[in-house]
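All of the numbers you see were taken from the coordinates with simple rules; none came from a lab. Nothing here was measured: the structure is a model prediction, and the numbers come from that model. Neighbour counts are summed over all protein chains in view; Cβ atoms, including those assigned to glycine, are modelled from backbone coordinates with ideal geometry.
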Amino acid sequence: MEKVIIGNYAVSYGAQLARVQVIAAYPITPQTQIVEKLAEMCASGELNARFIPVESEHSAMASTIGAAATGARAFTATSSQGLALMHEMIHWAAASRLPIVMANVNRALGPGWSIWADQNDSLSQRDTGWLQFYCESNQEVLDTVLQGYRIAEQVMLPVMINLDGFLLSHTSEPVDIPDQALVDRYLPLARRDLILDPDDPHSFGGLVNPEHYMEMRYKMHQAQLQSKEVAREADAQFKAIFGRSYGSIEGYRLEGAELALVTSGTIASTSRVAVDRLREQGEKVGLLKIRMFRPFPGEEVGELLGGFKKVAVIDRNISFGHGGIFCQELKSALYNLLKRPQVYGYIAGLGGRDVTPQTILDIAELTACRDVPPAEADWIGVKV
């Protein structure tokens with residue numbers, strides 16, 4: 001069934017199709033419609049789930065953790081300051097090895113107060129142990145919710161699904177909503193043995209001495225690495241059933257290109273338009289979209305970009321004092337290659353600043369005319 005829906009509702013339908021059993025909800029712009037729609041589904045009987053309205057985002061994640069610890073398929077959603085308020089519990093969810101899925105609608109952090117998109121909210125959580133995916137379309141949002149549970153329940157780590165605030169969350173697009181029977185085939189309810197159960201008591205979250213703590217973190221890291229293959233299998237099986245796949249990265253018109261634009265989220269859609277224009281003009285330019293950020297798909301990136309002359313990374317985020325975060329990760333992934341491209345970093349679109357095809361064309365032209373990358377990232381369109 002195809003519907004024209006906003007990105008937030010794509011998340012809601014994804015959670016419904018995943019047959020989530022517990023939803024912890026606290027409203028925050030631009031996420032609120034996700035949990036509003038799920039509340040309607042629960043109230044109407046369309047979704048048989050426990051809906052828990054809480055007093056803060058910290059409590060939303062705490063409730064989700066409690067539900068997941070009992071073996072329930074748990075879900076929540078947030079944005080920006082709400083995600084920041086969850087930070088303590090974000091660590092707890094990952095270290096407890098709980099297969100939670102959370103949608104984060106990317107929104108800039110204040111002050112200055114902003115409700116528009118950039119990725120610093122989710123990227124500030126990059127070292128917590130959560131898997132992270134960045135979506136380009138509303139269809140990808142819904143599908144990634146389903147893939148997220150399949151991956152999380154195999155590697156026992158939580159998954160954060162990110163979509164650009166307003167650019168996807170409040171924009172309507174045609175979305176294929178899969179048949180429930182097919183989703184059940186793809187994503188059967190998983191049974192876990194080690195759960196909170198009064199009839200079979202265990203201790204959870206106790207004090208860990210130094211002789212054991214490091215091994216726990218090693219196993220988390222190994223689970224992150226394992227999730228790369230699990231994600232590939234989940235994506236391949238998704239394609240076999242539903243006819244769509246995404247991969248951890250996606251190349252667009254890279255064959256024969258000398259310059260690769262690298263980005264994520266909705267900027268990838270804009271970049272496709274710019275790449276098409278440049279190709280029509282005879283310019284050898286392609287695009288690499290990064291969908292999976294944690295674990296970072298370094299090997300795949302190296303295989304696709306290792307032979308390029310130049311790479312321009314467009315970041316809708318900033319690590320203050322250093323540069324764009326995707327750019328840092330990409331440089332690290334390419335560093336040990338015997339033949340590696342020059343990497344140019346660009347900061348664009350912070351706080352919802354519009355990134356147009358012309359913006360991308362300007363970045364491509366600026367990169368082409370430079371022999372070596374500058375020491376610092378270029379801020380595109382900044383007025384100082």
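Some observations on this one:
- A simple spin-label model places pseudo-atoms 7 Å from Cα toward Cβ; at Ser319 and Met216 they are separated by 2.7 nm.
- With R₀ set to 25 Å, the beta-carbon distance separating Thr171 from Glu365 gives a calculated FRET efficiency near 0.30.
- Contour minus Cα-Cα distance for Val273 and Glu303 (0.36 nm per residue): 8.4 nm
- Rounded if a/c under 1.5, otherwise prolate or oblate - the chain, Cα gyration tensor axes: prolate
- Counted residue by residue at 0.36 nm each, then reduced by the alpha carbon distance between them, the extension gain from Ser44 to Arg191 reaches 50.2 nm.
- The simple Förster model, with R0 at 30 Å and r as the Cβ-Cβ distance, assigns Glu88 and Leu225 a FRET efficiency of 0.75.
- Among Cys135, Cys369, Cys42, the order by Cβ neighbours within 10 angstrom, fewest to most, reads Cys369, Cys42, Cys135.
- Remark: region 372-384, residue by residue, has Karplus-estimated 3J(HN,Hα) of 9, x, x, 5, 10, 5, 7, 9, 8, x, 6, 10, 9 Hz, where x stands for each Gly or Pro and the curve is 6.51 cos²θ - 1.76 cosθ + 1.60 at θ = phi - 60°.
- Listed from fewest to most Cβ neighbours within 10 Å, the set Glu173, Glu215, Glu57 follows the order Glu215, Glu173, Glu57.
- Averaging the sequence gap over all C-alpha pairs within less than 8 Å and six or more residues apart, then dividing by the number of residues, gives the chain a relative contact order of 16 percent.
- Selection from Leu304, Leu207, Ala152 lying farthest towards where the dipole of the chain points positive, charges on Cβ: Leu304
- Computed label-point distance, nm, for sites Gln281 and Val208 using a 7 Å Cα→Cβ extension: 5.3
- Prolate/oblate/rounded label for region 1-156 (Cα gyration tensor, a/c 1.5): rounded
- About the centre of its Cα atoms, region 249-379 shows a dipole size close to 140 debye [charges on the beta carbon of Lys, Arg (+1) and Asp, Glu (-1) only; nearest 20 debye].
- Across Lys219/Lys239; Lys228/Lys339; Lys3/Lys228, pairs whose alpha-carbon gap is larger than 27 Å: Lys219/Lys239; Lys3/Lys228
- Other-chain or far-sequence residues with amide H under 5 Å of Leu196's (modelled H): Thr70, Gly71
- Measuring r between the beta carbons of Phe242 and Lys3 and using R0 = 22 Å, the FRET efficiency lands at 0.90.
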